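Encoded as structure tokens, the structure appears first; notes follow it.
The values are calculated or read from the model by the stated rules, or taken from the named source; none is laboratory data. The shown structure was predicted, so the numbers you read here are calculated from the model rather than taken from an experiment. Glycine gets a Cβ as well: all are built from the backbone with ideal geometry, and neighbour counts include every protein chain shown. SASA here: full protein model, heavy atoms, side chains in, ligands and nucleic acids out. Shrake-Rupley method; radii C 1.70, N 1.55, O 1.52, S 1.80 Å.
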Amino acid sequence: MRTHPNMTVVGAGQVGATVGHLLMLKGLADVTLIDVVPGLAQGKALDLLQAAAIEHQSARVTGTTDFAAMADSRIVVVTAGMARKPGMSRDDLLNANANIVGPIAEQISRRAPQAIVLVVTNPLDVMTYLVWQRTGFARSRVMGMAGALDAGRLRAFLAERLKVDPAKIQATVLGSHGDLMVSVKSSMTVDGKPLSGFLSDSEINQVIARTRDGGAEIVSLLKTSSAYYAPGSGVVQMIQAIVRDEHRVLPCAAVLDGEYGLKDVCIGVPAELASAGLVRVVEQPLADEERQALHRAAQQVKESIQVICSPKT
Ligand SMILES: NC(=O)c1ccc[n+]([C@@H]2O[C@H](COP(=O)([O-])OP(=O)(O)OC[C@H]3O[C@@H](n4cnc5c(N)ncnc54)[C@H](O)[C@@H]3O)[C@@H](O)[C@H]2O)c1
């Protein structure tokens, strides 16, 4: 008897396969991996299916190059794309990944019209906006994962510094994934107490800077790949909140419609996730400089959107 919802992960690379692995381990879904490289998704799916038998999980995992396999998916995760290569400008990457993600969004709209879409491909905020535009889905059904990762990194670094369990640390990260990440200092607590009671402002700033550069730190060590375990966990945290109807507030890249004084842009904000998707953007109080930083990040995303998207009519 079938007990798992169907989910599809487009792009069976490092992040995509990690998402598939975690979904199987947690028994959250039957997973279809789709990749353009012949054999790649099939090979990883076979490996995961065998892992499921060892883990006593009944989830089915399949792999294919055929986009028709995403039909009836409850959630589609988009990880297809490339990382920036030497000599590539930001705009080169933007155009390259838009040319991959745009057609995938059209496939989702046609083949899985009821799905909730979770975007991972960078540049994250722009790709999420592109998927929203090309699918034509309600904004509640298109969201991006980056804030869950950035908040996780921040909590990990703070926990290491304070020698406490990361579960005791609360922290919110807004804005764009990358240089224009906005850490909300007033939201950071340890065991419910303000972080300012444990670290000086300059120590907090050091941790925030390490978080902002957290992806680059890993790339400089791995050399040929970027992070995938924590990004995979960030995606599955969001999926779990949706399939279990948790109504949990997590940082997500969301298309805004006036919240935080922003419109026609996608940016990281706290949002409530439940079975219908992103059911509410949560407007939390921000200090003046945090609000200005959020608007600066949104402006940069808007400029990139203009490079790749035609205006929505
Ligand atoms: N949002 C975040 O926080 C975050 C974190 C980590 C990585 N990323 C981004 O996620 C993306 C994937 O990273 P990765 O490390 O898994 O890369 P990867 O190179 O390991 O995997 C990407 C996969 O996409 C596949 N692909 C390319 N075009 C495709 C298409 N048209 N249809 C289906 N599959 C296609 C490739 O064959 C490859 O297997 C990158 O853009 C990366 O920058 C984002």
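Here is how the numbers come out for the structure above:
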quantity: Among (1) within 22 Å of Pro5 (Cβ to Cβ); (2) open to solvent by 30 Å² or more (accessible area, probe 1.4 Å); (3) hydroxyl-bearing (Ser, Thr, Tyr) - the single one Ser89 does not satisfy; calculated: (1)
quantity: Identity of the residue in the stretch 14-53, open to solvent by 30 Å² or more (accessible area, probe 1.4 Å) and closer than 17 Å to Arg74 by Cα, that ends up farthest from the chain's Cα centre (by Cα); calculated: Lys26
quantity: Residue check, Gly11 open to solvent by less than 10 Å² (accessible area, probe 1.4 Å) and near the ligand (Cβ under 8 Å from one of its atoms); calculated: yes
quantity: Residues of the stretch 19-43 classified as among the polar types (S, T, N, Q) and within 8 Å of the ligand (Cβ to nearest atom), total; calculated: 0
quantity: Residues of the stretch 124-144 satisfying the condition of being touching a Leu at 6+ places or on another chain (Cβ under 9 Å), of a type outside the set (D, E, K, R) and open to solvent by 10 Å² or more (accessible area, probe 1.4 Å); calculated: Ser140
quantity: Number of the condition not met by Leu221 [criteria: (1) away from the ligand (no atom under 13 Å from the Cβ); (2) surrounded by fewer than 21 Cβ atoms within 10 Å (Cβ to Cβ); (3) within 24 Å of Gln14 (Cβ to Cβ); (4) at pLDDT 95 or above]; calculated: (4)
